[in-house]
Structure formats: C-alpha cells, structure tokens
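The values are calculated or read from the model by the stated rules, or taken from the named source; none is laboratory data. This one's a predicted model, so the numbers in the text were calculated from it and none came from an experiment. Using ideal geometry, Cβ is built from the backbone for each residue, glycine included, and neighbour counts are taken over all protein chains shown.
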Amino acid sequence: MTSFNDFGLAEPILRALVEENYTTPTPIQAQTVPIVLTGRDVIGIAQTGTGKTAAFALPILNHLYTKRMRPERKSCRVLVLSPTRELSGQIADSFRAYGRHMRPLAIELAIGGVPINRQIRGLAHGVEVLVATPGRLLDLVHQRAITLNQVEILVLDEADRMLDMGFINDIRKVVAMLRKERQTLFFSATMPGEITKLADSMLTKPERVAVTPQASTVDRIAQRVILTEKSAKNDLLVETLKTETTDRVLVFTRTKHGADKVVRHLQKSGFGAEAIHGNKSQNQRERVLADFRTGKLRILIATDIAARGIDVDGVSHVVNYDLPNIPESYVHRIGRTARAGTDGIAISFCDHEEAAFLRDIQRMIRITIPSVDKRTGVRPAARPADHHQASNRPNRGRFGGNGGGGNGGSRNGGGGNRNGGNQGRPNRGSQGHGGNQPIPRAEASAGEPNSIGSVSFLQRTGNRPPR
Ligand code: AMP
C-alpha cells in the first residue's frame with residue numbers, strides 16, 4: 001500500500017488524513033488496516049511511535065461509518081484499553097482527529113486521577129468509542145455507569161506494559177464481560193510468554209503483523225556509554241549536564257524512588273529538574289509535562305512506565321541513569337530524542353551490575369556503543385584478544401561486547417569502544433544495511449519475529465481538534 005486511498009476507507013476519514021498531512025501509510029498501517037477491514041482478529045507487534053494508533057483507529061472508524069447505529073445507553077461499540085492515562089488521552093485524540101468529519105461520533109475517555117462523575121455523565125447516552133485504563137473502567141462498571149456486552153471491537157494496546165503494571169487480572173475480568181462475537185486487536189511491543197498466553201485466550205484465529213524499530217531510529221542517535229560506579233552516578237549526571245550543550249534532557253531511572261532521589265540531587269546542585277511517575281497526581285504530571293514541552297523545565301526525570309506514550313519534541317539528550325533490563329525499553333527510551341528527523345544524543349550510565357543489560361542491548365541493536373571508562377575501582381585486565389583486534393571488534397570485556405555465543409563480534413565493524421566517545425556515532429555492523437542474519441533476540445521478546453525491516457518512530461503532531 002503506497003497511499004491511504006488504496007485501503008478503500010470512507011471519504012470523511014480520507015479527508016481528515018489529508019488535513020493531518022498523512023500521505024503514506026507506515027509499515028504497521030500498511031499491514032494492519034486491510035486485515036482489520038476484513039473483520040479478522042490481529043496480533044500487532046509494534047511500539048508507540050510506529051503509527052500503531054492509526055493502524056487500528058482508521059479501520060475501526062470505517063466500521064463505525066459503514067455500520068452506523070445508535071449506541072445503547074451506558075454502552076460502547078468500541079473499547080480501547082491502554083495502560084496509562086497519557087497514552088489513553090493520545091488515543092482518544094487520534095480517534096477525534098481522524099473521525100473529525102464523522103457525525104455523530106461520541107468518544108469518551110475513562111482514566112483515573114480525574115473525577116469519575118464527568119465520565120459517568122459522558123457514558124449515559126452511550127458512546128461509539130471508549131478509551132480506558134483498566135482500573136477506571138472496572139470502577140465505572142461497578143458503579144453501573146457502563147455495561148460491556150455491546151462491544152463490537154476490543155483493542156488492547158501495549159499489552160506488555162499492562163503486564164508490567166499488574167493489569168492482567170483486570171483485563172481478564174473485562175474480557176469476561178464482553179460478548180464472544182467481537183473483533184479483537186491486540187498490540188504489544190514484545191511478546192513474552194505470559195502475553196502470548198493472554199493473546200491466545202482473547203483472540204480467534206488472529207493474523208500476526210509485526211514491525212520492530214531498528215536501525216533507522218537508532219542510526220540517527222549518537223549513543224555513548226559511560227562505565228561508572230553506581231555511587232558515582234549522581235555526580236556523573238551533574239558533570240554531564242555541565243559539559244554537554246543541552247536543550248531538553250530526559251533522564252530515565254528504573255524506579256520512582258530513584259527518580260525522586262535524582263531530582264533532589266540535581267536541585268541541590270542548582271539544576272531545575274522534576275520527575276513524573278505513577279506516584280504523582282494527574283495534575284502534577286500534566287503540569288510538569290507542560291513545562292517540559294514549553295521549555296520552562298529543561299530536565300525531566302522519568303521511569304519507563306511514566307514516559308510511555310509521552311511525545312515531546314526537541315529532546316536533545318536522553319540520559320539512562322539506570323540501564324533498562326529489557327533491551328526494547330532502551331530503544332524506546334532513546335527514541336524520545338531524534339524525533340521529527342533531528343539528531344539526538346543518548347548517554348547511558350552503566351555500573352557493574354548493569355553490564356549484562358548493556359550486552360543484551362548491544363546485541364539487539366547490533367551496535368557496539370562507544371564507551372568511556374570512568375570507573376575509579378580496579379579494572380579487569382584487558383584480554384589479549386582486545387589488543388589484537390581492538391580496531392574492529394566490539395568491546396568484549398566485562399562491560400559491553402556481545403558476549404554469549406560470539407554473536408556480535410565479527411559483525412560490528414569499527415569497534416572503537418575506548419574512543420572517548422564524545423561525538424561517537426554508533427558503530428554499525430554490516431547487517432544494519434540489510435542482508436545478514438539477525439542476531440537472536442533477548443528473552444524479553446521471546447516469540448517476536450526477528451527479521452522485520454527497519455521502522456522509524458514518528459513524531460506526534462499537535463494538529464488536533466479540541467477535546
Ligand atoms: P503512534 O505510534 O500511533 O503513537 O503514532 C506516532 C505519531 O505518528 C503520531 O503523532 C501520529 O500523528 C503520526 N502518524 C501516524 N501515522 C502517520 C502517517 N502515515 N504519516 C505521518 N504521520 C503519522
């Protein structure tokens with residue numbers, strides 16, 4: 001599919017797409033839209049930023065347009081479940097944008113952290129589309145504000161995050177309330193075993209589509225690793241912020257507590273920094289994000305979950321204060337910079353305990369990330385092989401390298417792991433340019449196809465009708 005016209009979507013939807021300046025379907029859209037239009041179930045393996053929302057929203061809107069009927073009171077025809085408030089808001093905005101020429105079209109958002117009464121009123125007459133986080137949806141069901149037996153299409157978005165956030169039981173409860181004759185669209189960035197089990201229990205003869213963000217995003221980002229002691233990370237962050245020319249900096253920590261500690265340290269050191277994470281109220285999160293968007297706040301500390309689905313342009317630096325243990329999260333994090341076609345810089349602090357995470361990340365992105373060693377403790381002796389082939393081997397010492405089965409060694413041209421790294425572009429292996437066998441993926445993505453072409457993240461544009 002090279003054009004949206006080829007899908008046979010209804011005219012009001014095509015008109016909205018023209019207004020959105022969408023000319024070419026993204027790979028996930030090209031694969032998913034035709035299948036959804038036939039009414040089949042879909043498992044889509046794709047991350048936010050690939051155009052996934054439109055991949056399901058467009059054919060769903062087409063269904064609503066061609067099979068017009070009034071939703072019953074306190075019911076919805078389409079239910080979209082998403083793990084976070086931010087992502088839910090963006091999905092609802094997307095439905096409103098693509099459906100802006102369709103009348104009538106009621107789209108309601110049911111998320112926690114805001115008063116429930118407005119949502120109860122919004123559902124009273126029934127809606128076409130309800131976008132919800134699982135907890136608030138169940139609250140609404142318990143308050144008899146909505147029944148779910150009219151749902152024709154169910155979308156489960158970011159299923160793997162739902163698992164991380166402990167929502168799987170809630171989802172099972174919701175699914176049990178739905179009728180069996182429905183269409184189900186299931187999206188996840190990774191397919192660990194439990195997610196595969198969940199999908200099997202929810203879907204009927206699904207078609208599988210997949211896109212994996214790979215080289216094209218990573219390619220534009222100058223990545224660096226700084227090997228450090230855990231206890232030195234706070235000072236290293238301050239030093240980094242002082243020496244780098246930054247615009248907006250997004251710092252990732254593994255835990256909420258860690259995020260708060262970093263904020264305190266930065267504030268003590270004279271930097272304006274704030275954190276967003278699940279313990280903050282919705283109002284706080286929105287205020288902090290708004291400040292970050294406008295540039296009033298230049299340093300934002302976030303956990304993976306809080307940052308999921310947040311689109312802010314103009315992030316010059318992503319700093320991984322802690323390395324993620326899931327390689328896909330690394331790609332997702334660094335994809336926050338280099339949006340809208342700009343270049344970005346990603347700096348990762350890696351302590352001893354994170355060496356294995358770094359190895360998994362490098363294996364997945366097929367790049368040996370240039371590293372600088374700032375450890376003050378005893379260093380492991382260099383292995384003879386490092387001397388012989390230092391110029392064209394990846395770092396195979398205690399930190400970095402591709403370890404485990406020699407998968408990466410000879411694939412990475414350029415080596416260069418002790419190059420000071422400051423302007424280091426990633427060292428790309430030959431398969432980054434297509435052709436070679438992919439390296440097996442890490443556990444977290446078990447079951448995920450590993451030979452999908454490259455896909456870039458897209459910029460979320462602000463051209464939305466008012467909510
Ligand atoms: P998503 O992965 O759904 O969060 O989409 C990421 C961003 O890409 C959103 O801001 C969309 O507005 C934008 N987008 C989605 N599809 C297209 C397309 N075909 N052409 C241009 N932009 C798109």
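So that you can scan it fast, the table gives a plain yes or no per residue for (1) within 13 Å of the ligand (Cβ to nearest atom); (2) surrounded by fewer than 16 Cβ atoms within 10 Å (Cβ to Cβ); (3) not assigned by TED's automatic domain parsing to the domain that holds residue 307:
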position	(1), (2), (3)
18	yes, yes, yes
25	yes, no, yes
39	no, yes, yes
46	yes, no, yes
50	yes, no, yes
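Tell me, please, whether a residue that is near the ligand (Cβ under 8 Å from one of its atoms), at negative phi and either in contact with a strand residue (DSSP E or B) (Cβ under 8 Å, 6 or more places away or on another chain) or outside any helix (DSSP H, G or I) (or both) can be found in region 3-10. No, that holds for no residue.
The residue of region 54-84 that is farthest from the ligand (Cβ to nearest atom), among those that are basic (Lys, Arg) and surrounded by fewer than 20 Cβ atoms within 10 Å (Cβ to Cβ), is 73.
When each of 219, 235, 247 is tested for being under 19 Å from the mean Cα position of the chain (by Cα), more than 19 Å from residue 324 (Cβ to Cβ) and not β-branched (Val, Ile, Thr), the lone residue that passes is 219. Here residue 245 fulfils each of the conditions (1) at pLDDT below 90; (2) surrounded by fewer than 22 Cβ atoms within 10 Å (Cβ to Cβ); (3) assigned to a helix (DSSP H, G or I) apart from (3).
Here 336, 359 are screened, and the one residue that is modelled with pLDDT of 75 or more, of a type outside the set (A, V, I, L, M) and touching a Gly at 6+ places or on another chain (Cβ under 6 Å) is 359.
Among the listed residues 232, 259, which satisfies the condition of being crowded, with 17+ Cβ neighbours inside 10 Å and in contact (Cβ under 8 Å) with a residue 60 or more places away in the chain? Reasoning before the result, please.
Details: 259 fails: in contact (Cβ under 8 Å) with a residue 60 or more places away in the chain.
Answer to the check: 232.
Only one of 28, 35 is in contact with a helix residue (DSSP H, G or I) (Cβ under 7 Å, 6 or more places away or on another chain), in contact (Cβ under 8 Å) with a residue 60 or more places away in the chain and under 20 Å from residue 199 (Cα atoms). Can you tell me which?
Details: 35 fails: in contact with a helix residue (DSSP H, G or I) (Cβ under 7 Å, 6 or more places away or on another chain).
Step by step, each of 28, 35 is checked, and only 28 is in contact with a helix residue (DSSP H, G or I) (Cβ under 7 Å, 6 or more places away or on another chain), in contact (Cβ under 8 Å) with a residue 60 or more places away in the chain and under 20 Å from residue 199 (Cα atoms).
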